[in-house]
Amino acid sequence: MTSSARNWPLLARFIAREARLGRWAESRGPRAAGLYEFLRFGVKQGWACLFGGLLLALIVASKLWYPPDAALARYDFLFLAALSLQALLLALKLETWDEAKAILLFHVVGTAMELFKTKMGSWTYPEDAIFRIEGVPLFSGFMYATVGSYLARVSRLFDFRFTRHPPLWAIAALSVAIYVNFFTHHYVADLRWALIGAAALLFGPCTIYFKVWRSHRRMPLLLGLFLVALFIWLAENIATAGGAWVYPNQAKAWEMVPLAKLTSWFLLMIVSYTMVGFVNRPRPMRTAGCTAAARVVG
């Protein structure tokens with residue numbers, strides 16, 4: 001059984017030790033093995049969130065301790081820190097070049113949307129910055145990039161496989177419609193619920209298989225996308241509390257991000273998933289009785 005840790009040379013040296021730990025847990029009985037698998041799931045998720053978790057920690061730490069009278073504005077510090085973090089992860093081989101490419105792509109797509117959304121008053125960046133385009137500080141693109149980084153890493157860590165996966169051309173068409181709607185709903189009807197319905201039709205039949213330890217577990221892919229969107233919404237609450245950006249309802253005092261924002265994050269997850277899907281093509285899960293249904297159309 002090939003370990004996903006081989007993707008990151010710094011982790012590869014621990015593969016044998018981890019295997020011994022797993023055998024020890026198995027020898028202690030099913031409860032110990034189950035606990036070990038649960039902990040393994042948490043560690044893998046934490047590793048997949050490495051870039052995003054470190055950036056979120058920087059946002060919170062700079063909100064608490066960054067000197068307000070510093071010569072370098074906090075937003076500029078966050079931009080330079082994110083660049084340095086990116087370079088450090090690559091240098092230490094904690095991130096692959098494929099993941100870096102996904103981060104760059106998400107940075108470009110996210111910054112383009114940021115420029116439009118801030119002009120429309122959907123949210124604002126209240127602090128000064130030198131490294132900015134119009135009203136958008138450049139560190140903001142890295143926040144979108146964390147989603148791409150997570151999806152690229154998690155698909156390898158959990159050896160994703162699928163049955164009844166929708167064709168990539170179909171989800172690409174849906175993603176284009178979603179991205180366009182993020183812009184056009186300011187001028188014409190908001191089609192988000194129709195787009196969510198289309199996503200449910202496309203992804204509803206699909207099952208994702210993910211390997212935590214010895215064997216693959218499974219869940220509906222639609223549920224997995226929603227859970228990731230929920231996690232991003234929770235992270236967004238932490239980021240806005242850290243002053244990364246401000247929604248209109250937070251102008252006077254911080255409030256939780258409205259739960260309705262989950263629909264936006266869910267739709268963004270579809271776009272993100274599609275972009276990563278063209279880099280890491282979905283692979284079929286071939287199990288007894290579902291070989292024909294497991295085919296992935298690219």
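Readers should treat all values here as calculations from the given coordinates under stated rules, not as data from a laboratory. Every value quoted in this text rests on a predicted model; they were computed, and no experiment measured them. We place every Cβ from the backbone using ideal geometry, glycine too, and count neighbours over all the protein chains shown.
Please give the calculated 222 nm ellipticity per residue for the chain, where each DSSP H segment of at least 4 residues contributes -39500 (n - 2.57) and the sum is spread over every residue; nearest 500 deg cm²/dmol?
-20000 deg cm²/dmol
Please compute P(r) over all alpha-carbon pairs of the stretch 114-164, binned at 10 Å starting from zero, and give each bin as a whole-number percent.
Taking all Cα pairs of the stretch 114-164, the binned fractions are 21, 36, 20, 18, 6 percent.
In nm, to one decimal, how far is the V176 label point from the A260 one, both placed 7 Å along Cα→Cβ?
For the pair V176/A260, the computed spacing is 3.0 nm.
With charges only on Cβ, +1 for K and R and -1 for D and E, what is the dipole size of the stretch 96-190 about its Cα centre, in debye, rounded to 20? Before the final figure, lay out each step's value.
Values: 8 positive and 8 negative charges, 72 e Å.
Using Cβ point charges on Lys, Arg, Asp and Glu, the stretch 96-190 gives about 340 debye.
HN-Hα J couplings of the stretch 238-244 from phi, Karplus 6.51/-1.76/1.60, θ = phi - 60°, integer Hz, Gly and Pro as x?
Working through the residues one at a time gives 5, 5, 6, 5, x, x, 5 Hz.
Please go through the stretch 155-262 and write out the chymotrypsin sites (Phe, Trp or Tyr not before Pro) that DSSP classes as loop and that have at most 11 other C-beta atoms within 10 Å.
Those satisfying the criteria are Y187.
How many lysine pairs does the chain hold where the Cα atoms are under 18 Å apart and the two sit 8 or more places apart or on different chains? Walk me through the intermediate numbers first.
On the way: K44/K93; K44/K211; K63/K252; K93/K101; K117/K261.
Qualifying lysine pairs in the chain: 5.
Mind running the shape call on the chain? Use the C-alpha gyration tensor, a ≥ b ≥ c as the square roots of the eigenvalues: rounded below 1.5 for a/c, prolate if a/b tops b/c, oblate otherwise.
oblate
Please compute the contact order of the chain in relative form: average sequence separation of alpha-carbon pairs under 8 Å and at least six residues apart, divided by the residue count, as a percent.
Contact order relative to length: 22 percent.
For each of K252, K63, count neighbouring Cβ atoms within 10 Å of the residue's Cβ, then give the residues from fewest to most.
K252, K63
PRE reach from K63 (point 7 Å along Cα→Cβ): which of the stretch 130-152 fall under 16 Å by backbone N?
Under 16 Å, as judged by backbone N against the label point of K63, lie 140, 143 of the stretch 130-152.
Report the Cα centroid-to-centroid distance between the stretch 55-103 and the stretch 131-165 in angstrom, as an integer.
The two parts, judged by their Cα centres, are 15 Å apart.
Among V279, V176, what is the fewest-to-most ranking by other Cβ atoms within 10 Å?
Going from least to most buried by this count: V176, V279.
For R283, list long-range residues whose amide hydrogen, built 1.01 Å from N in the peptide plane, is under 5 Å from its own amide hydrogen.
F162
Distance in nm between label sites at R17 and F131, each 7 Å beyond Cα in the beta-carbon direction?
It works out to 3.4 nm between the two label points.
Among F266, F142, V180, whose Cα lies farthest out toward the positive end of the dipole of the chain, if unit charges sit on the beta carbon of Lys, Arg (+1) and Asp, Glu (-1)?
F266
Considering amide H positions built from the backbone, and no H for Pro or chain starts, which residues 5 or more places from T207, or on another chain, come under 5 Å of its amide H?
Answer set, sorted by chain and number: T163, L221.
By counting other Cβ atoms within 10 Å of each Cβ, how are I171, I238 ranked from fewest to most?
Details: I171 23, I238 15.
In increasing order of surrounding Cβ atoms, one gets I238, I171.
Using amide H atoms built 1.01 Å from N in the peptide plane, name the residues 5+ places from I133, or on other chains, whose amide H lies under 5 Å from its own.
For I133, whose amide H was placed from the backbone, the distant partners under 5 Å are L138.
Suppose the chain between A241 and T124 were pulled fully straight at 0.36 nm per residue; how much longer would it get relative to their current alpha carbon spacing?
Extra length available between A241 and T124 comes to 40.8 nm.
Calculate the spin-label point distance for R40 paired with A71, positioning each point 7 Å from the Cα along the beta-carbon direction, and give it in nanometres.
Inter-label distance under the simple model: 5.2 nm.
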